[in-house]
Structures are given as C-alpha cells and as structure tokens.
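Asker: I am attaching a structure below and will ask some questions about it afterwards.
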Amino acid sequence: MRLLLFLFFMLLASSLSAQKYDWDDFVEEYASDVERAEEEDLQLHLQELKELSEHPMNINTATVEDFLQLPFLSEAQIEQIHAYIYLHGQLQTLAELRLVPLIDDMTRRWLSLFTYAEPQQQETDKRLFSHLRHDFSTRIDIPLYYRVGQQQENGYRGDPLYHRIRYQLTGSRHFQAGLRVEKDAGERFYDSYGAYAMLHDVGILDKAVVGDYRIGFGEGLVLGGSTWNSKSTPPLKTQGGIRPMAGMDETNFLRGAAVTLSLSKHLKLSIFGSYRKRDATLTSGGEVQTLRTDGYHRTASEWERRRNVGSAVVGGNIAWYNKGLHLGATGYWQKFSRDLNPGTQQYRAIYPKGSSFGVAGLNYGYTRYRLTFAGETAYSTAGGGWATINRASWNISKNYILSAVQRFYAYQYYSFYASSLAENSNSQNESGVLVHLQAEPYAGLQLIAYADFFHHPWPRYRMTHGSTGQEFYLQGSYNISRRHVLLARYQFKRKENGDVMEPHHRVKLGWTYEVRNKMRFQTTGYYHNVLGRNGFLVSQNVRYLLPKPNLTLNAQLGYFNTDDYLSRIYLQSPALYSTFSSSSYYGHGVLGVLTCRWKSKNEKLWLEGRYSLLHYLDRDEIGSGLQRILSPWKNDLSFQLRVKI
C-alpha cells in the first residue's frame, strides 16, 4: 500500500511540476493585504522568510522549533505533520502532504518553498565550516529626477543614489554569518551597517548569535521582534525565539549576543544582551523627546539626531514544552543613557518617562489535535500597567479554521520591543476582540473573513477623547480552472480620526489567467470610499518566462483617480528579488513598472533590473518640502547583482 501511494504521489508531483510555484507567487499571496501592511515590518519579515526559503529544511527531520519559524503553520498543523510521519513513516514527496490532516492547499503551496522531502540519513560531517557557501548581492537605485533637497545649499548632504551590499556565509547546517552595508538616497556616507554570526544545534547549544539579531517569545507582548502580524491571517502560534538580523532595517533589532540552551528534551533557556546607539530628537535640556525610527541622515538636522542616545538591554526567557503544553516566562531590563521626556501633549502623556524600564510576562498554551489555546500576560514598570492577549483556534476540519483573539493593553503598559496583534502600531492603550474564519468549502474556493472590535481609552493623536472602532473583512478566491483564478474582497472599517468617525469602504476585484505556464495576466481593480470621497485604481500585470535564457519579465500598468489623500489606494508592485514594494496613490495619474530577472544555468549568477514611472495628470509638482520634485513625472531605475558560490 505504501508503495502504491508513493507511485501515485510521484505521478501527481510530476504532473504539477510544470506549474512551478516560486517566491514571487508566495509574496503575492502572503502579503496581499498591503492596505494594512506596516511596510518596514513586512519588508524585514519577508527578508527573514526569504533566508529560510534559500535554505529549506527536510520535512522528515524538522523539529517543532524548526517549524515554528514558519509563521503560517499552526501548532495543530505542526503536530499533525509529526503524527503522520510517526504513524506512516517518512514522506517520500511533498505531494504526500495531501494525506496529512489540517494541511490545506494554500499551506502545501507555501511549504513547497521552505521544505523538501528526503529519507532521514545519519549526519556524518559535523564540522562547522564544511560545505561553505557564499551569497553576495548588491543593489543600486538611480532616480531620474532631482528633488528640491538636492538643489538647495542647506538640503541633502549626499548624492541621490541608494546603495546596499549584503553578504552571507553558510557552513553545513550549523553555522551562518552575514554582513550588510547601506546608504540611503541623500546620505553622504554608508552609515547603516551590521554583521552577525550564528551557531545552531551544536550539543547543548540550540542557537547562539553574536552581532545583530531579533528576538521574540510567547505572543510577542514582551518581546515580539521575530514576526509580522496581520488580521487577515489566522492568529496561529507563538514566536520563534532568536533569529539573526539578515535584513536592511535600521531600527528593529538588537546588537550584542543571544544564546538558547537545550537544558533537557522539554526545557530551554535563552539569555540575551544588547547595546547600541539610537537616533533621537532631543529637548533643549538634552533629554530624549522622540526616538527616531526612519533611519535617515540626509540633512544637518537629521545628522544631529544620529545615534545620540545609548540603549542597553539584558533579558531572558525560559520555556517548557511537553505533549502539546507549553509554559514560558520572559523579561528584560532596559537602560537609556539619557532620560526620556516625551512632552506635555495629551496623546504623549502615556509615553514612557525616565531612563530605566523593565517588562516581564508569562506565556502559556495547550494544543490538543484540532484545538489550540494560548496567551501571554505581562507587566511593565514604565507606567505600572498590565497587558494580556489570549487566543483560541479550532481546526473544525481540514478546510475550516475558526479563531478568536482577546487583547487588553492598558495605557499604562509599554514595551519597547512588543509586537502583538493590535490596531495601533504599539501594544498599548487598546482592548479588543477579533474573530477570524479561514475556510475552503470545496476545492478551488477559499474564504477569509474576520471581524474586529477595538477601543482606545486614552486619546490618540489628533483626538480629545477615547475612541472605538470596528472592522469587517471578507475575501474569496476561486480557482475556476488550473489557469483561471478570481478574487473579490470587501473591507469596512469605522475608526475615529480627529474626533470624526471615518467609515472606510474598500473593494478589490481581481482575475488571474495563466497561459501555458510561461505567461500570466493579472487584472485588478480597487475602490475606496470614505466620507463621500471616492477613489479607484485599475492595474494590469503581465509576467512572462523565457525558459532557455532563464529570463523572467514582469510588467505592471495602472491608472488611478481619487478625490483626495483620504481616499488613496494602496497597490503592490513587482519588485526585485527579496524586496517588497507597495505604495499609496492619490489624485489623478498613471503608473508603470517593469522588472527583468536573468539567472545563469546553475543559478549562481543573477542579474536584475527595475524601471518604474509615475505621471500625475492633475499637478505640476510631486511631494512637498525637500522631497518635492519640480515635475509631474517620477522615474526610477534599480539594478541588483547576486552571486552564489
């Protein structure tokens, strides 16, 4: 019987091999909710996932900790994969995942990028620096226009080019190191840089990182720097611990050392320390008014904010896992070299004050086949406040996942490294309940729906009182055939802004058509209505694959017309490999993007180019201040080179 199943899935896999699922397809599906995306966080999150896809894991030998790195897998799905391997033996091909309970079509597609199936073999070479592989890439962005800041004496100090360099070294499965250098447009120097070295699975040492890293435990309420949250995806599982900082983000990382020790089969201990300089705007008395996160050092005033406050952080986590039950405790203490003094505005009154802060929390959870319960409760010394988040998921069947999340973040609570589900950017001053359903009623039809109700007791920016809001979301995608896919989305959101309730109606309609696995057309329309103001955008994407020269072309054309900025439309555009591009469009104009990617036969050499244009039909200038362009046209060129040895 096992042999018959193996032959069946081998035939099935070969029949599907023509429809190769790649990274661009994954980004399009995984990050389709760009209207809600915090682009910097999403960019970094996708960079980390890209690194995992570059080094896929053997699904037959992957541990729970390995699977926890994949944010789209729930605890229940991980348990089912391990149960299937235990009962039926190792997977011979990934197509065999069709027999694993709770693993739907979309999850199988995504797993194909991060895993492979091979019989387990005894590792004979345990040297850290065996099988060394080098991965070097460099990218340059060239604007074909001038901004006002480049033409003024007191404007930008550097040239208008963006440039970055990334290098990664891997040896066997136990060692990894990386280096990054970046210069933003308008900056004079390469003032963003970082490096790391990581050991993995070496004796009692589960993971150790020296240099730059990100870290997240539990539900991210104390430390949440290793994932990205979106309401459109099910709230699935706990955070994945320590990760090296491989992306180009200049803010969301720690610098120092972190280690996770496997004290026993079920018990792990993590300890970390960090010290780095942070950008900040200072008061006349030398106190920190605002911690800057944009990373720009283009002008004299921006240069004055550069790295003028030190931040030291020490902390740890202890976690226990056994038969679906997990318990953990996380805490850290942070000391700034200057006092924080956020000012007297009402919305800033709840921001942390002083120079020393501590946060501690307990996380907990239990998974039993189709049911998962988990949560985290934390306390911060910044304002003496509590916070808690709790979630439950029920895999009703293989094709239905029902989830609910309750959150309460007191306005007195504050953690500088929290990243848990929230309407606001901070896990503070918010309470709410989210109910989420992901369903596949029958083959080819996928539905996502959620309802979120939230309340902010303390006045937010531009508010004089507490506020409430609601959000409802329904999306359906239907595979008419192997080559035709329809998508429809409706989102309604009510949220107060400037003491005025703003009801937003957003609609997205899309049709994707694939021609002989070499060409794909995607037509998309967007509509946005708020307070009687309307906006719409239509776009046409074409992707064409030329197999022999191994060349991929991706083009996008769009037309938009909105009444004002409030009715703006967000659009995701083709981007260079390992990057993400989405922009908001308002007013009246047209846009275009063309990318070209060439790979050598052995895929060790990559060359990429990107050209984008934007032309406004209702204005003679673009932008404001030093960013202003004295033309209705905006044209950009980007080039990227990648070498793998």
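The values are calculated or read from the model by the stated rules, or taken from the named source; none is laboratory data. On a predicted model such as this, the values are computed, not experimentally measured, just so you know. Here the Cβ is made from the backbone with ideal geometry for all residues, glycine too, and neighbour counts use every protein chain on show. For accessibility, only protein heavy atoms count, side chains too; no ligands or nucleic acids. Shrake-Rupley method; radii C 1.70, N 1.55, O 1.52, S 1.80 Å.
Asker: What's the magnitude of the charge dipole for the chain around its Cα centre, counting Lys and Arg as +1 and Asp and Glu as -1 at the beta-carbon? Answer in Debye, nearest 20. The partial results should precede the final answer.
Answerer: On the way: 72 positive and 62 negative charges, 186 e Å.
Dipole about the Cα centre, nearest 20: 900 debye.
Asker: Under the 0.36 nm per residue contour assumption, what length would be gained going from the current alpha-carbon distance of Asn424 and Asn635 to full extension? Walk me through the numbers on the way to the answer.
Answerer: Numbers: separation 211, 0.36 × 211 = 75.96 nm, distance 3.32 nm.
Gain on extension, Asn424 to Asn635, equals 72.6 nm.
Asker: Same structure, new question: Treating only the Cα positions of the stretch 90-219 as identical point scatterers, give the base-10 log of I(q)/I(0) from the Debye formula at each q in 0.19, 0.20 Å⁻¹.
Answerer: Calculated log10 I(q)/I(0) at the listed q: -1.14, -1.17.
Asker: For a label point 7 Å from the Cα of Leu263 along Cα→C-beta, name the residues of the stretch 293-327 whose backbone N is under 18 Å from it.
Answerer: Taking a point 7 Å out along Cα→Cβ of Leu263, the residues of the stretch 293-327 whose backbone N falls under 18 Å are 315-323, 325-327.
Asker: Another question about this same structure. Carbon and sulfur together cover what percent of the accessible area of the stretch 536-635 at a 1.4 Å probe radius? Spell out each step's value before the answer.
Answerer: Values: 2790 of 4720 Å².
Here carbon and sulfur together make up 59 percent of the probe-accessible area.
Asker: Let me ask something additional. Expressed as a fraction of 2.2 N^0.38 Å, the rule-of-thumb size for a compact globular protein of N residues, what is the C-alpha radius of gyration of the chain?
Answerer: Values: Rg = 24.7 Å, N = 645, 2.2 N^0.38 = 25.7 Å.
Taking N as the residue count of the chain, the ratio is 0.96.
Asker: Counting only other residues whose beta carbon sits under 11 Å from that of Ala319, what net charge do I get with K and R as +1, D and E as -1? Please report the intermediate quantities before stating the final value.
Answerer: On the way: positive: Lys268; negative: Glu65, Asp206.
Counting the neighbours of Ala319, the net charge comes to -1.
Asker: Something else now. Could you tell me which trypsin sites (Lys or Arg not before Pro) in the stretch 303-354 are loop residues by DSSP with no more than 10 other beta carbons within 10 angstrom of their beta carbon?
Answerer: On the way: sites: Arg305, Arg306, Arg307, Lys323, Lys335, Arg338, Arg348, Lys353; in loops: Arg305, Arg306, Arg307, Lys323, Lys353.
Filter output for the stretch 303-354: Lys323.
Asker: Next question. Stick to the Cα atoms of the stretch 409-488, pair each with every other, and give me the Kirkwood hydrodynamic radius in Å at one decimal. Intermediate values should be presented prior to the final figure.
Answerer: Numbers: mean 1/r = 0.0659 Å⁻¹.
Here the Kirkwood hydrodynamic radius works out to 15.2 Å.
Asker: May I pose another question? Calculate, for Tyr366 and His88, the FRET efficiency according to 1/(1 + (r/R0)^6) with r their C-beta to C-beta distance and R0 35 Å; round to the nearest 0.05. Before the final figure, lay out the partial values.
Answerer: Values: r = 26 Å, r/R0 = 0.73.
Result of the calculation: an efficiency of 0.85.
Asker: If you take the square roots of the eigenvalues of the alpha-carbon gyration tensor of the stretch 287-337 and sort them as a ≥ b ≥ c, do you get rounded (a/c under 1.5), prolate (a/b over b/c) or oblate?
Answerer: prolate
Asker: Per the 1.4 Å probe, what fraction of the accessible area of the stretch 160-205, in percent, lies on carbon and sulfur atoms?
Answerer: Numbers: 1290 of 1860 Å².
C and S atoms contribute 69 percent here.
Asker: Keeping to pairs on different chains or 8 or more places apart, tell me how many lysine pairs in the stretch 536-645 have Cα atoms under 17 Å apart. Kindly include the intermediate steps, with their values, before the conclusion.
Answerer: Numbers: Lys548/Lys599; Lys548/Lys601; Lys548/Lys604; Lys599/Lys644; Lys601/Lys644; Lys604/Lys644.
For the stretch 536-645, the number of qualifying lysine pairs is 6.
Asker: Give me the 1.4 Å probe accessible area per residue for the chain, excluding ligands and nucleic acids, in Å². Show your work: numbers first, answer last.
Answerer: Values: 28900 Å² over 645 residues.
Ligands and nucleic acids excluded, the figure is 45 Å² per residue.
Asker: Between Arg482 and Glu621, with labels modelled 7 Å along Cα→Cβ, what's the label distance in nm to one decimal, could you check?
Answerer: Roughly 5.6 nm, to one decimal.
Asker: I need to check one value: relative contact order of the chain, counting alpha carbon pairs closer than 8 Å and at least 6 residues apart, in percent. Walk me through the numbers before you get to the answer.
Answerer: Values: 1633 pairs, mean separation 64.1, N = 645.
Averaging sequence separation for qualifying contacts and normalising by length gives 10 percent for the chain.
Asker: Multiply the residue separation of Trp23 and Ile142 by 0.36 nm, subtract the distance between their alpha-carbon atoms, and state the gained length in nm to one decimal. Spell out each step's value before the answer.
Answerer: Numbers: separation 119, 0.36 × 119 = 42.84 nm, distance 2.51 nm.
Extending this stretch completely gives an extra 40.3 nm.
Asker: While we're looking at this one, here's another question. Setting aside same-chain residues fewer than 8 positions from Lys398, which lysines have a Cα under 18 Å from its Cα?
Answerer: Lys237
Asker: Taking 0.36 nm per intervening residue step and subtracting the Cα-Cα distance, what contour gain separates Asn154 from Val64 on full extension? Walk me through the intermediate numbers first.
Answerer: Numbers: separation 90, 0.36 × 90 = 32.40 nm, distance 5.48 nm.
Extending this stretch completely gives an extra 26.9 nm.
Asker: Which residues make up the longest stretch of the chain that has no GluC sites (Glu not before Pro) in a DSSP loop with at most 13 other Cβ atoms within 10 Å? Walk me through the intermediate numbers first.
Answerer: On the way: sites that count: Glu123, Glu153, Glu603, Glu621.
Here the longest run is 154-602.
Asker: Still on this structure, please answer the following. Using the Cα atoms of the stretch 220-364 to build a convex hull, what is its mean projected area in square nanometres? Don't skip to the end; give the middle numbers.
Answerer: Working: hull surface 44.1 nm².
Convex hull of Cα atoms, orientation-averaged projection: 11.0 nm².
Asker: At what distance in nm do the modelled label points of Ser337 and Met106 sit from each other, each positioned 7 Å from its Cα along Cα→Cβ?
Answerer: Going from the Ser337 label point to the Met106 one covers 4.7 nm.
Asker: Binning at 5 angstrom from zero up to the longest distance, how are the C-alpha pair distances of the stretch 325-376 distributed in percent?
Answerer: In whole percents, the pair-distance histogram is 5, 15, 15, 12, 14, 10, 11, 8, 6, 3, 0.
Asker: Related question: Using helices alone, what [θ] at 222 nm do you get for the chain, with -39,500 (n - 2.57) per DSSP H run of 4 or more residues, divided over all residues and rounded to the nearest 500? Don't jump to the answer; show the numbers that get you there.
Answerer: Values: 8 runs with 76 residues, N = 645.
Calculated mean residue ellipticity at 222 nm is -3500 deg cm²/dmol.
Asker: Of the accessible area of the stretch 388-512, with the probe set at 1.4 angstrom, what percent is carbon plus sulfur?
Answerer: Details: 3430 of 5380 Å².
Using a 1.4 Å probe with all protein chains present, the stretch 388-512 comes out at 64 percent carbon and sulfur.
Asker: Determine the distance separating the Cα centre of the stretch 363-379 from the Cα centre of the stretch 568-645; give it in Å without decimals.
Answerer: Taking the Cα centre of each part, the stretch 363-379 and the stretch 568-645 sit 42 Å apart.
Asker: Once label points are set 7 Å from the Cα along Cα→Cβ at both Ala555 and Tyr442, what is their separation, rounded to one decimal in nm?
Answerer: Using points 7 Å along Cα→Cβ, the separation is 3.9 nm.
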